[in-house]
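Structure first, commentary second.
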Amino acid sequence: MAIPIFRASLPQSHLPSNLNSNPKKSCGLLFCASSDLNYVRSEVCFCVGTHLIPHPNKVDKGGEDAFFVRSYNGGVIAVADGVSGWAEQNVDPSLFPKELMTNASDLVEDEEVNYDPQILIRKAHAATSSVGSATVIVAMLERDGILKVANVGDCGLRVIREGQIIYSTFPQQHYFDCPYQLSSKVVSQTYLDAAVSNVELVEGDIVVMGSEGLFDNVFNHEIVSTVVRFSDVAEAAKALANLAHSHSTDSNFSSPFSLEARARGFDVPLWKKFFGMKLTGGKLDDITVIVGHVVRS
Ligand SMILES: [Mn+2]
């Protein structure tokens, strides 16, 4: 019987249950199964590294993203991104995603959840009493290599195999910059709105999960070229977060965010266009990156 073990510890956290929204910490978390038996050779699990860089104006509080990593089964990874508009109503936007992730982490082994990330989202949402809202993505790896993904909003996930992206989530949004989100309001999206997929992973695959702060600032080809440079998942997560951060503060960078804004009709005023100027720049945001390497258990 393969038993998951932690071969490296999570970084210090001010959140319970393996949660971490602590800025500027990365961890090399290896939860590979130990086994004396050879017949489980084909079983896989995640080796996970994480890195979070908060929005420059939100460093004191650690930002409004939250995430967790659990070793259950082949591994569970999840990110929630708090919707910052709540600050205008004197609500701390970080509370809802943090509680949502705490609840989800606590419910991972729940019988009713039964390895289904969509049910995990339903139960975690129902258990969350904080005011606010968040986008959320959860991925659960089965030991046979099936990765189950449930995604509400514009967090994202990529699967990289031999230097190619073989699977990608797509953001769900009501309109530009307004994603689907779970909320304390009755009128919001629910687990039923989650985009759900099953992806068959094999040993050697790399999974990159992140908040929109990653995908708004880093192109897919950059994600690939960055992760393939590192054998250490914690180093890969840190490098991706740093790249996203540097693009987010670069007003001349044509980011995925600025390209989408232009495609949707947002641009600099006409007189600036006359001088050949266009809307550029990254998007300042909280940046959470989780990199999972699929290894034999
Ligand atoms: Mn965000």
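The values are calculated or read from the model by the stated rules, or taken from the named source; none is laboratory data. Every value quoted in this text rests on a predicted model; they were computed, and no experiment measured them. As a convention, Cβ positions derive from the backbone with ideal geometry for all residues, glycine included, and neighbour counts pool all protein chains shown.
Assorted remarks:
- Scanning the range 134-174 for residues that are out of contact with any Pro (no Cβ under 8 Å at 6 or more places or on another chain), within 16 Å of the ligand (Cβ to nearest atom) and more than 15 Å from ALA104 (Cβ to Cβ) gives LEU157, THR169, HIS174.
- Boolean, VAL224 is over 20 Å from PHE67 (Cβ atoms), free of Cβ contacts under 8 Å to residues at least 24 places away in the same chain and either assigned by TED's automatic domain parsing to the domain that holds PHE96 or assigned to a loop (DSSP other than H, G, I, E, B) (or both): no
- Exclusive hit being assigned by TED's automatic domain parsing to the domain that holds GLY145 and assigned to a loop (DSSP other than H, G, I, E, B), set VAL196, VAL202: VAL202
- Residues satisfying the stated conditions in the range 169-189, i.e. loosely packed, with under 15 Cβ neighbours inside 10 Å and within 30 Å of ASP144 (Cβ to Cβ): PHE170
- The residue that is surrounded by the fewest Cβ atoms within 10 Å (Cβ to Cβ), counting only those in the range 230-249 that are more than 16 Å from the chain's Cα centre (by Cα) and under 18 Å from ASN220 (Cβ atoms), is SER246.
- Only a single item in (1) without any contact (Cβ under 8 Å) to a residue 60 or more places away in the chain; (2) more than 20 Å from HIS55 (Cβ to Cβ) is not met by ALA239, and it is number (2).
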